[in-house]
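Report on the structure given below.
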């Protein structure tokens, strides 16, 4: 039991998980056809990158890596608010959320 | 114990992310994204970032995802129609994703000097974090608060009702 409790995880596994999450986000960005789901894929990419920031902060015992994640979170919150407002404005003008139908920049 | 926690929550994380891609209804995708974010909070805690774990739950899984589900319900988003997507995404996008993932994985697996994470590693306390945040990084912190203020104004300006048009949005969708 003691050997089980003291088991450790290589940090490269965390980095691999972060890379896979980022790639899944990119794939979602490419295959999803709903504006909101495309936006959620971007959030998934941001989360993948945050995980590698925290991992490296743990590796180098650096607090600033964690603070960077904090800033990314704040910027992501601002981005989500503005992005969803844009989605609402687009839906009002077009009455659709399918990215194939939204092909003009003009509202 | 750390290994067990890592395997369980990394599994939840990947399952949620893959489910996000497979679901065709946006609300199901949003719920699986919440699963991903909460499991990531546990992984942050395993890496000793207690403040970030709590902030992840409150800000991401709480505030941002509430905003997402609210917009999905407000717009009454329905099942998405499957199309083949663009040819550029098929021919350039997916090979590029595979190439980037392979490149990053190779670099990580060959990297020297990466340590290990244990449960006994100790935790970065919020006090330690805030000391650096409010002394060395005070200016970026204040700039971010201005950014949030601008984002609030931008969101209101973009999504708010147009007062000059008394008939509301129904009129605007009909006029084109």
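Structural remarks
- If R0 is 22 Å, the Cβ-Cβ spacing of residue A:72 and residue B:157 corresponds to a FRET efficiency of close to 0.35.
- Considering only alpha-carbon pairs that sit under 8 angstrom and 6 or more positions apart, the relative contact order computed for chain B is 21 percent.
- CD proxy at 222 nm, helix term only [per DSSP H run n ≥ 4: -39500 (n - 2.57); per residue of the protein assembly as shown; nearest 500]: -23000 deg cm²/dmol
- Residue among B:111, B:159, B:77 with the largest mean-square fluctuation in a Gaussian network model of chain B, springs linking Cα atoms under 10 Å: B:159
- Ranked A:102, A:87, criterion: other C-beta atoms within 10 Å, fewest first: A:102, A:87
- Relative protection proxy for B:26-34, B:2-10, from highest mean packing down: B:26-34, B:2-10 (other beta-carbon atoms within 10 angstrom).
- Per principal axis, descending, Cα span of chain A in whole Å: 61, 27, 21
- The Kirkwood hydrodynamic radius of chain B, based on inverse pair distances between different Cα atoms, is 20.7 Å.
- Exercise: per-residue mean of other protein chain Cβ atoms within 10 Å, B:36-43: 3
- Estimated FRET transfer efficiency (residue B:135, residue B:69; beta-carbon r; R0 35 Å; 0.05): 0.40
- Three-way shape label, the range B:1-70, alpha-carbon gyration tensor, a/c 1.5: oblate
- Remark: spin-label model distance residue B:106-residue B:19 equals 3.5 nm, labels positioned 7 Å along the Cα→Cβ axis.
- On Cα atoms only, tilt of B:65-75 relative to the major axis of chain B in degrees: 20 degrees
- Per residue of peptide B:120-132, the mean number of Cβ atoms on other chains within 10 Å of the residue Cβ is 2.
- Taking the alpha carbon gyration tensor of the protein assembly as shown, multiplying each eigenvalue by 5 and rooting it gives semi-axes of 36, 24, 16 Å, largest first.
Only the coordinates and a few stated rules stand behind these numbers; no lab work does. Bear in mind that the values here come from a model prediction, so they are computed numbers and not experimental data. Every residue, glycine among them, receives a Cβ derived from its backbone with ideal geometry; neighbour counts consider all protein chains shown.
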